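What follows is a short report on a single structure.
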Protein chains: 2
Amino acid sequence: MTSAVAFDLDALVARIRPVSEEARTAARAALDAKTKPRGSLGALEELAVRVAGIRWDAAPGRLAPAIVLAAADHGYARQGVSAYPPEVTGQMLANFLAGGAAVNVLTREAGARLVVVDAGVLEPVADPAVRPLRLGAGTEDASRGPAMTREQALHGLAGGAALAEELAAEGVGVLAVGDMGIGNTTAAAALAAALLPAEPWAVCGRGTGVDDVGLERKVAVVGRALAVNRAALGDPVGALAAVGGFELAVLAGVCLGGAAAGCVVLLDGFPTGAAALVAARIAPAAGARMVAGHRSPEPGHALVLAELGLRPLLDLGLRLGEGSGAALALPLVGAALAVLADMATFADAGVTDAGR
Amino acid sequence: MTSAVAFDLDALVARIRPVSEEARTAARAALDAKTKPRGSLGALEELAVRVAGIRWDAAPGRLAPAIVLAAADHGYARQGVSAYPPEVTGQMLANFLAGGAAVNVLTREAGARLVVVDAGVLEPVADPAVRPLRLGAGTEDASRGPAMTREQALHGLAGGAALAEELAAEGVGVLAVGDMGIGNTTAAAALAAALLPAEPWAVCGRGTGVDDVGLERKVAVVGRALAVNRAALGDPVGALAAVGGFELAVLAGVCLGGAAAGCVVLLDGFPTGAAALVAARIAPAAGARMVAGHRSPEPGHALVLAELGLRPLLDLGLRLGEGSGAALALPLVGAALAVLADMATFADAGVTDAGR
């Protein structure tokens, strides 16, 4: 992990430009000239304008999409906060590599590229298709001490950012993020509670299906993690290290690197939202480059999206993670850009414009 | 219009089978064996199960989509209920045929076929690509008497149903509906008010952008249409003829024919919702074969969807019509079917199943 020492987080943050108000204004004007009542495509038009601003281009055309799916294990899982045992993280990582998981199916449907990252599952998977950014073999139990060191967190941020910048250099314009990790809605809840801030009960939900007793345990675990690590929660990297997770560190890095490279950063559910909140606290300009794919039923997710100022594109009750909600939102991004690129204007089509 | 005389509406209704509970149960079981927590894909899973029931097939595979977009003019438009002049209907019909409208762009994005129907615009468009199902040159002003005759309404139902059955025979499995007609949210509001029933103010909205004065006028026009035609509103075909529109008649026929032919009938906004409500009142079994693509901001739309028992897939503030919201929902239908067809099971993938 010597590379973390060489990582200059401030330089990365400095590379994140604001969005272009000129491109937004020009895209809005272009949409207003199209053969439809002004604003009648609702959130789709707002999305097209947002992408134009992010890309500094009023006519961004089509953008190639990729999903970075990072998996890791969590010390929290030893506290019985999930309906599933920890070995499922590694089993699902193998499933992603074999192409059988929901995100594989949805990524294929969306015509996107899927990049699977091992950010630190308990047992490494020996497969050349996996991108190794291992920060360890699962985090420590944050209810008893820090989940990871600050160096590990910085290493994750650096690795995620480098991956995002590499993908952008290869032509990716929409960079979606997805997560896998048994116990990671607990890590996301602890991070959200630390950063918003919020009470543990306000950010803990049932994850992938924990029962009432499990939910009470989860709230208590988050409370203990916050109490034990209180001194470390004052800055976003400190909070990430103390109560977060390896895949959340990598994904926060992907958000920062994607923002620096001019990508549209497309979020999935609660864990990616918590990672995005870390990124936006490190670099407020990164927040303007994010798009929320969907709203999950996790109570903390709505709070995080509100804090990021994002209105999600979909609200389908998805609680899977993996980037599944981001993958489902990708066709809407494509549609918004196609409307901006391809629709006729009132003048082109000889249609009377009522000017509304 | 002699063909209307030969049209046997009862025979069409009798061809609409209930959905298959066995196929639904088997699809639910298949989804529960996939490598994801039970139900964690939320509304996407409900959609897959619904389609399985409609198709009488627990493994319906991929379904070819088509959008039937019907355009017509409305006598209501003479009452100043729209922000746009009536000639825009015909101009937009030409735009659909030239490929420059929003629905053209969105249909191409979704890989769907677009069938453009002239159900009765003021001036016919001379283009072999348009499907002529003209019931007249615009409806009469329903605030002064019936919009059309019962024979015209039946002719529209017959033509729409025949078109849907023809498309199904050509392999279409998802039949989406779209509308174009200056003044048609007024027709939809009057139909919804008659059938739900509801007060005019509860179902009238701003359509594509009418101002406060226009909205008041719209509410008054709907009230007069209901009062003038009161005696005709007792049955759905009577209401359709008295206060509806030509494209709504054709689209109600498409809903019935699509349901009879085993298609998934995918709805767009308020006018298609009103047409679907006519279809469901004529043939209650048709309702179970519908899927709501999106929720529009028109207040009557939410009431119609609730009456049909449908929860929309998208809620993006779309108020364009044309089938744009249905086109945007098509990738979700495709994704739901891909999940059902392609995801690995816990047993396939060697993933531990917590059984939740």
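The values are calculated or read from the model by the stated rules, or taken from the named source; none is laboratory data. As the structure is a computational prediction, the values presented were derived from the model and not from experiment. Here the Cβ is made from the backbone with ideal geometry for all residues, glycine too, and neighbour counts use every protein chain on show. Protein only, heavy atoms only, side chains kept; ligands, DNA and RNA dropped before computing areas. Shrake-Rupley method; radii C 1.70, N 1.55, O 1.52, S 1.80 Å.
Overview of results
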quantity	calculated
Test: residue in region B:52-60 that is at pLDDT 95 or above, in the same structural domain as B:Val219 (by TED's automatic domain parsing) and surrounded by 24 or more Cβ atoms within 10 Å (Cβ to Cβ)	no
Qualifying residue in region A:107-120 (condition: in a loop (DSSP other than H, G, I, E, B), within 14 Å of chain B (Cβ to nearest Cβ), under 18 Å from the mean Cα position of the chain (by Cα) and in contact (Cβ under 8 Å) with a residue 60 or more places away in the chain)	yes
Output for region A:45-102, where each listed residue is charged (D, E, K, R) and part of a loop (DSSP other than H, G, I, E, B)	A:Asp57, A:Arg62, A:Asp73
Candidate set from region B:85-104 (those that are crowded, with 23+ Cβ neighbours inside 10 Å and of a type outside the set (S, T, N, Q)); member that is nearest to B:Gly136 (Cα to Cα)	B:Leu93
Failed item, numbered, when B:Gly238 is tested on (1) open to solvent by 40 Å² or more (accessible area, probe 1.4 Å); (2) part of a helix (DSSP H, G or I); (3) in contact (Cβ under 8 Å) with a residue 40 or more places away in the chain	(1)
Residue in region A:307-319 that is of a type in the set (Lys, Arg) and touching a Phe, Trp or Tyr at 6+ places or on another chain (Cβ under 9 Å) present	yes
Inter-residue pairs, beta-carbon under 8 Å, first within 19 Å of A:Met180 (Cα to Cα) and facing chain A (nearest Cβ under 9 Å) and in region B:32-48, second open to solvent by 10 Å² or more (accessible area, probe 1.4 Å) and in a strand (DSSP E or B), 6+ apart	B:Lys34/B:Thr345; B:Thr35/B:Thr345
Single condition B:Glu123 does not satisfy, out of (1) more than 10 Å from chain A (Cβ to nearest Cβ); (2) touching a residue at least 40 places away in the same chain (Cβ under 8 Å)	(2)
Residue within region A:152-161 that is of a type outside the set (Lys, Arg), assigned by TED's automatic domain parsing to the domain that holds A:Ala231 and not in a helix (DSSP H, G or I) present	no
Residue match in region A:72-84 (condition: over 22 Å from B:Leu320 (Cα atoms), small (Gly, Ala, Ser) and at the interface with another protein chain (Cβ under 10 Å from one of its Cβ atoms))	yes
